[in-house]
Each structure stands twice: as structure tokens, then as C-alpha cells.
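Q: Starting off with a structure, shown below.
The values are calculated or read from the model by the stated rules, or taken from the named source; none is laboratory data. On a predicted model such as this, the values are computed, not experimentally measured, just so you know. When we count neighbours, we look across all protein chains shown, and the Cβ atoms used for this are built from the backbone with ideal geometry, even at glycine.
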Amino acid sequence: MKDTFTHKGMRKKLVETLKKKGIVDVAVLDAINTIPRHLFMDSGFVDHAYIDKAFPIGADQTISQPYTVARQTELLEVKRGDKILEIGTGSGYQTAVLLELGAVVFSIERQNELFKKTKLFLPKLGYRPKKLIFGDGYIGYKTEAPFDGIIVTAGAPFVPKPLMSQLKIGGKLIIPVGDVLQIMTVFTRTSETEFDKEEFGEYRFVPLLGNKE
Ligand code: SAM
């Protein structure tokens, strides 16, 4: 598992691209500059690792576009020590970004093949999420709730209620909502029963799958 000067140079260029596209959070940009994204991808796609695009990672899933990862993470406003729940572990790249920011990360994946692969892979790079869970993100992770933040990395046809109820007061849920296209939506819990809602443009994700799909 090599990370060469060429890879590092390509990462710097990617960071410049993300800045031009409007990413301003320095900690997020630093994380992207640090993480060897090419190692999270199948070897056939390594040449594409530092292009700002989504790519296949097996089991019909994708590693999200770097801009999308950066934007969702920026919206989450992670502070060191925050307890974060990620829905859709996938390749583990977003998990690594959260860990670089000092978050305590719980992450759920419903595809067993990806779950097993990523569980073995992350520690090899020194990334240690608090827990990787094989399960259904629609129900969140009640055992460890409430969370400072929840980030959903697949397109949700609707906002799952358990995710709202597993937020701390002051906590944020970042979730792309919609069927074919999704609106990046941020819910901030302002009290036991109230949430603020903000929208941040259109994205296209693979779907957050239900139990029978
Ligand atoms: N965060 C990932 C990364 O950095 O590679 C992005 C992965 S991909 C865009 C979305 C992931 O969500 C896929 O791995 C998919 O299997 C997973 N997923 C889909 N439906 C899910 C569900 N109901 N619960 C948990 N994960 C789910």
C-alpha cells in the first residue's frame, strides 16, 4: 500500500480544485490532503482517485465525489471529540475524513461485503472508528444515541424519524433527500421537539436502500 510523492502532488491539486468549488473549512481540506484516497479504491481505478468524481467500489456502490464528502463534512461542523454517526460506511473514506477531524465515529453499512472489507482495511491505515456496524441505517444506532452529528452518505427518499430522534439538542443531521436527485438538507435540533431545516443544493447519490431491496 504505497503513498508516493506523485499521489501527494495529485492530492494537493485536488484540494485546490475543492477550494475553487467553494470549500473553505481548512480542517476538512487538510484531511483530504492527508488521506490517500487511491488506497480506498479498486486498483483498476487508482488513476482516477484524485479527480473530483465518484467511482465504483463494488457491491454496486460508489465512493462519493471528493467535493460531496468535503461539503457534507463542512456542513456537519465537527469539533474534536464529537460523537458522529455515519450512515453508509462504503469504502471508509468519509469515515477517515471524520477521524482526521478528531470525531468519535460510529458507522453503519448494510452491504455485508463492503462492511467486512472496510472493517479490515481501515485499521491497516491506522484509522480506528469507535464501531463499524453491519445493519440498517434507517434505524440509526440507538445504543449510542444521542449523537452530536449524523451524516447520511446515500440518497434518502424520506428523512428517517429515528435519525432525528438520535440527535443531541444542538446536533446536526446532514442528509441528501430525494429519489432521482437529492437536496442536501441540514436539520439542526433546537429543542426536544423542534428542528431548523436548511437546504444546500442538488446532488445525485446511490439510494439509501430499505430492508427488502
Ligand atoms: N461514505 C461512503 C464512502 O466514503 O465511500 C460512501 C458510500 S456510497 C455513496 C453509500 C453507501 O451507503 C453504500 O456503501 C451503501 O451500501 C450504503 N447503504 C445503502 N443503504 C443503506 C442503509 N439502509 N443502511 C446503511 N448503509 C446503506
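Q: Do you know which of the residues in region 24-44 that are assigned to a loop (DSSP other than H, G, I, E, B) and more than 14 Å from Tyr127 (Cα to Cα) is modelled with the lowest pLDDT?
A: That would be Asp42.
Q: Identify, please: which residue in region 87-138 is polar (S, T, N, Q) and within 13 Å of the chain's Cα centre (by Cα) and is, among those, surrounded by the fewest Cβ atoms within 10 Å (Cβ to Cβ)?
A: The selected residue is Gln94.
Q: Moving to a separate point now. Among Val152, Val206, Val186, which is of a type in the set (Val, Ile, Thr), surrounded by 20 or more Cβ atoms within 10 Å (Cβ to Cβ) and touching a residue at least 40 places away in the same chain (Cβ under 8 Å)?
A: Within the list Val152, Val206, Val186, the selection yields Val152.
Q: What tally of residues in region 58-86 results from selecting those that are crowded, with 24+ Cβ neighbours inside 10 Å, at pLDDT 95 or above and among the hydroxyl-bearing types (Ser, Thr, Tyr)?
A: 1
Q: Of (1) aliphatic (A, V, I, L, M); (2) within 16 Å of the ligand (Cβ to nearest atom); (3) in contact with a helix residue (DSSP H, G or I) (Cβ under 7 Å, 6 or more places away or on another chain), Val186 satisfies all except one. Which?
A: That leaves (2) as the condition not met.
Q: Give the residues of region 165-181 that are over 16 Å from the mean Cα position of the chain (by Cα), surrounded by 16 or more Cβ atoms within 10 Å (Cβ to Cβ) and closer than 21 Å to Glu77 by Cα, sorted by residue number.
A: Once the filter is applied, which keeps residues that are over 16 Å from the mean Cα position of the chain (by Cα), surrounded by 16 or more Cβ atoms within 10 Å (Cβ to Cβ) and closer than 21 Å to Glu77 by Cα, region 165-181 yields Gln166, Leu167, Gly171.
Q: Which of the residues spanning region 66-117 are in a loop (DSSP other than H, G, I, E, B) and within 9 Å of the ligand (Cβ to nearest atom)?
A: Gly88, Thr89, Gly90, Ser91, Gly92, Arg110, Gln111
Q: Something else now. Just to check your reading of the model, which residue among Phe5, Phe40, Phe55, Phe45 is surrounded by fewer than 13 Cβ atoms within 10 Å (Cβ to Cβ) and among the hydrophobic types (A, V, I, L, M, F, W, C)?
A: Residue meeting the stated conditions: Phe5.
Q: Anything in region 161-175 that is without any contact (Cβ under 8 Å) to a residue 40 or more places away in the chain and within 23 Å of Ser91 (Cα to Cα)? List them, or say none.
A: Leu173, Ile175
Q: Are any of the residues in region 128-149 part of a helix (DSSP H, G or I), closer than 22 Å to Leu75 by Cα, more than 10 Å from the ligand (Cβ to nearest atom) and among the small types (Gly, Ala, Ser)?
A: no
Q: Could you list all residues from region 14-57 that are touching a helix residue (DSSP H, G or I) at 6+ places or on another chain (Cβ under 6 Å) and free of Cβ contacts under 8 Å to residues at least 40 places away in the same chain?
A: Val15, Asn33, His38, Val46, Asp52, Phe55
Q: Can you tell which of Asp52, Asp3 is acidic (Asp, Glu) and within 16 Å of the ligand (Cβ to nearest atom)?
A: None of the others qualify; the one that does is Asp52.
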